[in-house]
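A.B. asks: My structure is below; once you've seen it, I'll send some questions.
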Amino acid sequence: MRLTRRKRENPRLMPLRAQKDPGRGVFTRRALLFMAVQVGAIGELAHRLYGLQINDGDHYARMAASNRISKRLLAPPRGRIVDRFGLPLASNKENWRALLMPEETTDVAGTIERFSAIIPLDERDRSRIAREMRHQRRFVPVMLRDFLSWDEMARIELNAPSLPGVLIDVGTRRVYPDGELMAHIVGYVAPPNEQDVAHSTLLSLPGMRVGRAGIEQNQDEQLRGTAGSVEMEVNAVGRVMSELNRVEGMPGDEVSLTLDRGLQQKVLNHIGDQTASAVVLDCHNGEVLAMVSTPSFDPSLFDSGVSHAQWIEWTNNQHTPLINKAVAGVYPPGSTFKPAVAMAALQARSVSPTDRVFCPGYLDVGGTRFHCWSRWGHGSVDMHDALKYSCDVYFYEIARRVGMDRIAQTANQFGLGVPLDIELPHTRDGLIPTPAWRKAHHHHWNGGDTIVSGIGQGFVQVTPLQLATYTARIATGRAVSPHLIRAVNGTVGEKASPDHWPALDIPDPHLKVIRDGMFAVVNEPHGTAPKARLDLPDMLMAGKTGSAQVRHVSRALRESGHFNSASLPWEYRPHALFICFAPYDAPRYAAAVVIEHGNTGAEAAAPLARDIMRDALLRDPSNRTTPPPESVADAGPTIE
Amino acid sequence: MNRRTRFHKRLLRAEPSFRILAKLWRISWLYVLLIGALAGVGYITLYSAGGGMPYPFAMPQAIRFAIGLVLMICVALLPPRILAMAAAPVYGLSLVLLVAVLHMGHVGKGAERWLMIGGIQVQPSEFAKIALVLALAAWFSRISYARMANPLWLVPPALMVLVPVALVLKEPNLGTAVIIGGVGASLFFAAGMRLWLIGLLALPVPYALKLAYSHLHDYQRARITTFMNPESDPLGAGYNIIQSKIALGSGGMWGQGYLHGSQGQLNFLPEKQTDFIFTMIAEEWGFVGAAVVLALLLLLILGGMTMAICSRNRFGRLVALGISMNFFFYCLVNLSMVMGAIPVGGVPLPLVSYGGSAMLNVMLGFGLLLSTWVHRNSHFGENLTRPDA
């Protein structure tokens, strides 16, 4: 068998070995070269491996751990808000949601179609679902609809066979059992926006909400709680394999308010459909027992998003449903300011309570005539009578004597025109004007400005809460400040104790003159507010009416004798105000009522204030630890 | 002449029917033991890759290894004469399969085409490597060393290399094409290609590479660019390299422990049972375990090369060298790939990675290798045949 032919070399001339196997030497050398290369290559691989595993081992071990372990935050339940007796004002309710697990269905679009035949999905839902579907892995569920009712869940369960991959789970939603009743105080929550999320990673968790108004906003941090975390071992596609470690979060604190839900409800009932606000305080410690502003709104609408039309309707409404008028509504106090002017005069010792001023129905100062509300005047009045009749001329005169600076000083001391430390956002401070303030706005302070300020008109503006605080301070002589938070997680704050509040630097006799004057307003003959008299045995109330003009009344109109504010359009009628405290001999509750464009304090506000005070006295929330049963509350007073 | 050799010569003289026994005796059982050890590593690792269960990977692989072992020993008994005769038809068959797979093959992950023949997956590109080694060895042993000086004699074998390389590139399987080319080139070199010719041919190589790059598929280019900067696309094309390096690195010196490698067990490792199986070994057994496997591979390679050098016939030498180089390139490409030293390509780790076609082809190669060892004293092809070989 001839496999090779040699032409150039004569086999006979070659050594036997080379002749037998030419090229073997070359082969061996080259094979050895290959072997050296092989050893070198494998050695280089080993060296590289050593570098990876030993030199950089720690680095890669950390990377492996971060690959493996996924840390997730657990959303803490938001703290409840309860009234002073523990009745829930804001709490969490189960939110049943329908989720779709895309990997468990072969036909995602079809499943969504069949689902929407059972539970209608609107355009917004559909685009959100499509968006989430694009961004998420197939084993991460996508929410189809939340806030499912029992009926809807039953329908889904019934159709489960045709809805592969659809499952129902439960989250939480914020509920406000009393809705409009508490909306202004409790506020509402809404999904966090991008800025919120940038501030706190906790908020990026699904279902987290941010307080957007009221206590929900003011106490947001307390209510939010702290996040728990869970460390999970995940595989490459992120599916959870096992749970390694779990740290439970702290639920948000439970915030107890000073409010009495029952009293709040009664106040709202009394106000009815008037545009008004009312505040009831505990005189001794400033606890806000009721704070109502009407009209109101439904706070639960915010949890899922308010429609544009609804929002426009709210913001364009001249009755301003979204504004808490008790803290953010500013009104000229009108005659309710007179006790402060009287107090300023007493403090300044420019007037003694017995000094008399003659009221002919007007006062001429510097060529301008200032009218008393009574065309015929009140004759000669001292301070007591002036408060009782609400004689304008008397207060024009003493305001002129005392001067605006001292009036403002006393008014501020009583809480008018100054910020009150109430736990609500979006409050307004009102204004007690002074010559300095006027100057700061590049205007000259006229003597007439002081005179009209003497009856709480002109630039003077206060909030209902300030009026209630002012009344409480008159009643007790203590510098109580209104507050809404009574306890956090059951620990009652120090503000609840009357001793926390220092006495005002005002002599008792001075206070007594004012209190007596306010007593006379309600209880003496010819007082301005006989309608405010309580129909409770042994219970007497002191108060002061106020009718604040919102429009200048021309002399011609006034002298025509046909001036009747009730015939004016609603928005031009005067505001009706009333402040009061009771019981007169041992003050416990103070209240302020402002009815927007309610015409006269005596006719509109006083009866309302009486009804409110009657309920406050009957329920007597400050002396109770449990809410009174309705029947008992109506039976009679508990304090003697 | 040691006792062992003397014994089997006596055996052969005693009775011709003992020839098979004698040949079995001449098989390097130490080498078979090394092969078995590597397959054992494969079994253990596949057991772990299967989540600590013999199925779906470890048991089928063991069965394939057993079949492969029988095949290997059968091939080892074939004399070089038959092997050389078979070279041409086997090579032809491999080309037919390569063409067939282009037209009716199944595609997996952009490369690795296979044919279904009788319910068995056949990867023609694996088979083509063995066929090419046989064909080149037959050709080079037919022409003498002297004729290697004439470039004309090298044109047919060059075509024998380029045709399968082109077909495999068209699949497209860059990794295997490179290995086929490398094996062919090393056979040219070992057969005695003159150095001046090599130098002449090396000149246009840079231009050829440039041209080749422009013809690469997008996914192949992506592999190259992400190889240069794997972090540029950590969840996309760079994912494999990054996760593989994390797995290797987190193994440390002693490993995370058998069945406890987090990267592999939690599926961060891509294709952990095939291409990236070495990563699992390194993760679970650490540098120590990986080094043992490297040593095992090196022993198998060097053992094969030694067999090549020891063969007294040109055909056997070239077959053994081709098979060893094939095995070496296989290991080199796979290991470099998992260590992030070269762009990723679908090349498994021989004997360890899960896969029937690769396993059978590797065992076929070892059969050829052992055949050259068994018949190392044959003077086949030298016109000086001895009756006893």
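A.B. asks: Would you check which residues across the range A:421-454 are open to solvent by 30 Å² or more (accessible area, probe 1.4 Å) and either in a helix (DSSP H, G or I) or touching a Pro at 6+ places or on another chain (Cβ under 6 Å) (or both) and list them?
C.D. replies: Scanning the range A:421-454 gives A:D429, A:P435, A:A436, A:W437, A:R438, A:K439, A:A440, A:W445, A:G447, A:V452.
A.B. asks: Can I ask one more? For the range A:455-476, what are the residues that are assigned to a loop (DSSP other than H, G, I, E, B) and open to solvent by less than 10 Å² (accessible area, probe 1.4 Å)?
C.D. replies: Within the range A:455-476, A:G456, A:V460, A:T463 qualify.
A.B. asks: Here are the criteria: (1) under 17 Å from A:T336 (Cα atoms); (2) surrounded by fewer than 24 Cβ atoms within 10 Å (Cβ to Cβ). Tell me which single one A:C580 does not satisfy.
C.D. replies: Against the list (1) under 17 Å from A:T336 (Cα atoms); (2) surrounded by fewer than 24 Cβ atoms within 10 Å (Cβ to Cβ), A:C580 comes up short only on (2).
A.B. asks: Then there's this: Under the condition of being open to solvent by 20 Å² or more (accessible area, probe 1.4 Å) and touching a residue at least 12 places away in the same chain (Cβ under 8 Å), which residue from the range B:304-316 is farthest from the other protein chains (Cβ to nearest Cβ)?
C.D. replies: Result: B:C310.
A.B. asks: Follow-up question, since we're still on this one. Any idea which of A:R12, A:R72 is in a strand (DSSP E or B), open to solvent by 70 Å² or more (accessible area, probe 1.4 Å) and either at pLDDT below 75 or within 14 Å of chain B (Cβ to nearest Cβ) (or both)?
C.D. replies: When all the criteria are applied, what remains is A:R72.
A.B. asks: Determine the pairs where a residue that is in contact (Cβ under 8 Å) with a residue 24 or more places away in the chain and in a helix (DSSP H, G or I), located within the range B:78-102, has a partner that is surrounded by fewer than 16 Cβ atoms within 10 Å (Cβ to Cβ) and of a type in the set (D, E, K, R) with Cβ atoms under 9 Å apart, the partner being 6 or more residues away or on another chain.
C.D. replies: Close Cβ pairs satisfying both conditions: B:L98/B:K170; B:L102/B:K170.
A.B. asks: Hey, does the range A:153-162 have a residue that's touching a Ser or Thr at 6+ places or on another chain (Cβ under 9 Å) and of a type outside the set (A, V, I, L, M)?
C.D. replies: Looking for residues that are touching a Ser or Thr at 6+ places or on another chain (Cβ under 9 Å) and of a type outside the set (A, V, I, L, M), one finds at least one in the range A:153-162, hence yes.
A.B. asks: Tell me which residues, restricted to the range A:15-50, are at pLDDT below 90 and exposed (fewer than 14 other Cβ atoms within 10 Å of the Cβ).
C.D. replies: Result: A:P15, A:L16, A:R17, A:G25.
A quick yes/no check of all residues on (1) in a strand (DSSP E or B); (2) surrounded by fewer than 23 Cβ atoms within 10 Å (Cβ to Cβ); (3) at pLDDT 90 or above:
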position	(1), (2), (3)
B:L132	no, no, yes
B:S144	no, no, no
B:V155	no, yes, yes
B:V163	no, yes, yes
B:G182	no, yes, yes
B:L187	no, no, yes
B:W196	no, yes, no
B:L200	no, yes, no
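A.B. asks: Hey, could you check the range B:239-262 for residues that are open to solvent by less than 10 Å² (accessible area, probe 1.4 Å) and among the aliphatic types (A, V, I, L, M) and say which is farthest from the other protein chains (Cβ to nearest Cβ)?
C.D. replies: Here the answer is B:I241.
A.B. asks: Output the number of the condition that B:Q265 fails; it satisfies all remaining conditions of (1) modelled with pLDDT of 80 or more; (2) at the interface with chain A (Cβ under 10 Å from one of its Cβ atoms).
C.D. replies: Result: B:Q265 fails condition (1) only.
A.B. asks: Listed residues B:V333, B:V319, B:V347; which is under 23 Å from A:L33 (Cα atoms) and open to solvent by less than 10 Å² (accessible area, probe 1.4 Å)?
C.D. replies: Only one candidate passes the filter, namely B:V319.
A.B. asks: Can you tell me which residue in the range A:51-69 is least open to solvent (accessible area, probe 1.4 Å), limited to those that are polar (S, T, N, Q) and at the interface with another protein chain (Cβ under 7 Å from one of its Cβ atoms)?
C.D. replies: Filtering first and then ranking leaves A:Q53.
A.B. asks: Can I ask one more? All but one of (1) in contact with a Gly (Cβ under 9 Å, 6 or more places away or on another chain); (2) over 25 Å from A:R588 (Cβ atoms); (3) touching a residue at least 24 places away in the same chain (Cβ under 8 Å) hold for A:Y470; state the number of the condition that does not hold.
C.D. replies: Of (1) in contact with a Gly (Cβ under 9 Å, 6 or more places away or on another chain); (2) over 25 Å from A:R588 (Cβ atoms); (3) touching a residue at least 24 places away in the same chain (Cβ under 8 Å), only one is false for A:Y470: (2).
A.B. asks: Looking at (1) assigned to a helix (DSSP H, G or I); (2) modelled with pLDDT under 85; (3) under 26 Å from the mean Cα position of the chain (by Cα), can you tell me which one B:P172 breaks?
C.D. replies: Condition not satisfied by B:P172: (1).
A.B. asks: Counting only residues that are assigned to a helix (DSSP H, G or I) and open to solvent by less than 50 Å² (accessible area, probe 1.4 Å), which one in the range A:146-171 is nearest to A:T105 (Cα to Cα)?
C.D. replies: If we take residues in the range A:146-171 being assigned to a helix (DSSP H, G or I) and open to solvent by less than 50 Å² (accessible area, probe 1.4 Å), then A:S162 is nearest to A:T105 (Cα to Cα).
A.B. asks: Moving on. Restricting to the range A:75-86, what's the tally of residues that are buried (at least 20 other Cβ atoms within 10 Å of the Cβ) and farther than 15 Å from A:R209 by Cβ?
C.D. replies: 3
A.B. asks: Please enumerate the residues belonging to the range A:373-408 that are within 42 Å of the chain's Cα centre (by Cα), part of a loop (DSSP other than H, G, I, E, B) and surrounded by fewer than 24 Cβ atoms within 10 Å (Cβ to Cβ).
C.D. replies: Residues satisfying the conditions are A:W373, A:G403.
A.B. asks: So B:I281 fits all but one of (1) surrounded by 21 or more Cβ atoms within 10 Å (Cβ to Cβ); (2) more than 10 Å from chain A (Cβ to nearest Cβ); (3) outside any helix (DSSP H, G or I); what number is the exception?
C.D. replies: Only one criterion in (1) surrounded by 21 or more Cβ atoms within 10 Å (Cβ to Cβ); (2) more than 10 Å from chain A (Cβ to nearest Cβ); (3) outside any helix (DSSP H, G or I) is unmet by B:I281, namely (3).
The values are calculated or read from the model by the stated rules, or taken from the named source; none is laboratory data. Not measured: the values here are computed from a predicted model. With ideal geometry, Cβ positions are generated from the backbone for all residues, glycine too; neighbour counts draw on all protein chains shown. SASA here: full protein model, heavy atoms, side chains in, ligands and nucleic acids out. Shrake-Rupley method; radii C 1.70, N 1.55, O 1.52, S 1.80 Å.
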